[in-house]
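Only the coordinates and a few stated rules stand behind these numbers; no lab work does. Here the structure is a predicted model, which is why all the values come from computation and not from measurement. Note that we place each Cβ from the backbone using ideal geometry, even for glycine, and neighbour counts take in every protein chain shown.
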Amino acid sequence: ADRESWRAIPTGRVAAVSIASDTYMSPSHRHQNMSIKMGESTTRVGIALASAAITFMLLGSFDPSTAPNTLQSSTSRDVFPEKLVVDIISIGSQSRPEYQDAQDRTFATHETVRHFFRMTESDDSDADCHTTLTNEDAVNIAVECRRGSNPPFVKTARGPQTRLDYLNTIRTQKFYKDPELLKSNEHAAGWICAQKRPADGFSATHDYYKGHNEELPDFLFIVDDDTFINMELVTDFLRKNDFRPSTARVVAGCMMRFPAIGNFPWGGMGLFFSRAALENIFRPLHCESKNKDEFEMVVCDQLSKDLIGEEELFEEGMSISDLLRAYVVHEKYTSYRSWTKGFCFHSDWLWGYFVNYYPVSVDMSLSGAGEDRMGAYDGSEIGWKSPTNITNTGQCHNKRQATKESHFAHFLPPEEMFKLAWAQKLQTPDRFRNYGQ
């Protein structure tokens, strides 16, 4: 279905977007210096391998790419743009600015990149986390998040239902970071605080779009500060595979398939959103209305299941991204002693939940299951079946190493980014700007 480009609406804070119209006429490249509040440089997958599995099913097979768009828009065609417009969010830390500097000077100078947003401690919604949370607090939070909860039962038309199923599964199966590992980590508090940073950065970027009245980019990438993107190879892949911004897609650079939690983007390889996916995220919802369309019915039905305790945070007129933002800020790490539900999500799991369980993206899986909407870039997956049976495919192999054929690579130091970028620029110098232009 043809999708229209979104323009910012002066409502509450929402998640940032990843797409711009192919008719975008202002290719200027601005490098924003937003910093988030935390003491850890990047998010890491903090999973303790365990053998549990649970299946959550979303009612219906709704295709969100066909949902009507009620946002302000400008006309765009349902074709792949002649010139892509890409924005990038880098999740980093004030403790090592050289990593984001390297990204900014390398792949962010590619002709397709419009904005490079730096997110660090000063962008954290939990403003005091990186200055007041101690390593001992971090260990206590991990212990609390592995303790489990007692999900309440509620009466519904379909009979008694358990609420907080998804959240309780995470907490009871001890998937959260091992407290013993945190005890030996001098940056434990920073790691904890950083788990909210990607969602906070998403919201801060959306605020920027609204404040500058900008159309969305064609794609928005969210990566860690030690991740390298070969923009030539990635944009060529998107074009050859007809990844149109007008189709709602959310794609992980490397996707983890984990039985009990579901699919989620692995670590710093990050993920990217298409314009149409972001239009779905930003669309105001009216669950109390008697005239809900199919999109709203699917979203509101999922909301009523309250799998992570998000239902009480929803207010009429909010979007899915507003709900994500509300969930991130509702209980602070620094107030963990008085938590009710707590915030026991790794940042990657949070993306997995909101993308897979809510109709943000078209269903890109073969199973057709509603909770399996997130896609893997060119089949790049980590498959976990047991502690001794873990498989890696595609870009997931590019950990701490990369070649000029790598599309994405993670855990790279700045000097490696410069080497890879130099190889790109030698081949296609006309597609890169000088830094600062």
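The overall shape of segment 275-328 is oblate: from the C-alpha gyration tensor, with semi-axes ordered a ≥ b ≥ c, the ratio a/c is 1.5 or greater and a/b is no larger than b/c. With the cut-off at 29 Å, tell me which of the pairs LYS240/LYS404; LYS177/LYS341; LYS210/LYS332; LYS196/LYS292 have Cα atoms farther apart than that. Pairs exceeding the cut-off: LYS196/LYS292.
Taking other C-beta atoms within 10 angstrom as a stand-in for reagent exposure, ILE320, ILE281 fall in the order ILE320, ILE281, fewest first. Here the Karplus curve 6.51 cos²θ - 1.76 cosθ + 1.60, taken at θ = phi - 60°, turns the phi angles of segment 191-202 into couplings of 5, 4, 4, 5, 5, 8, 5, x, 5, 5, x, 4 Hz, with x standing for Gly and Pro. Working from label points 7 Å from Cα in the Cα-to-Cβ sense, the SER122 to TYR435 distance is 2.0 nm.
Phi angles across segment 428-434 convert, under the Karplus curve 6.51 cos²θ - 1.76 cosθ + 1.60 with θ = phi - 60°, into 3J(HN,Hα) values of 9, x, 6, 9, 10, 8, 6 Hz, Gly and Pro given as x.
Ratio of Rg to Rh for segment 293-437: 1.07 [Cα atoms; Kirkwood radius as inverse mean 1/r over pairs].
Quick check: residue separation of THR132 and ASP242 times 0.36 nm, minus the Cα distance between them. What number comes out in nm?
Between THR132 and ASP242, full extension yields an extra 34.8 nm.
The simple Förster model, with R0 at 30 Å and r as the Cβ-Cβ distance, assigns ASP78 and HIS286 a FRET efficiency of 0.65. The slack between LYS210 and THR428, meaning 0.36 nm per residue of separation minus the straight C-alpha distance, is 75.1 nm.
For a quick check: sort LYS332, LYS385 by the number of other beta carbons within 10 angstrom, fewest at the front.
In order of increasing Cβ crowding within 10 Å: LYS385, LYS332.
Legend: ranking of residues ILE89, ILE222 from fewest to most surrounding C-beta atoms inside 10 Å; resulting order ILE89, ILE222.
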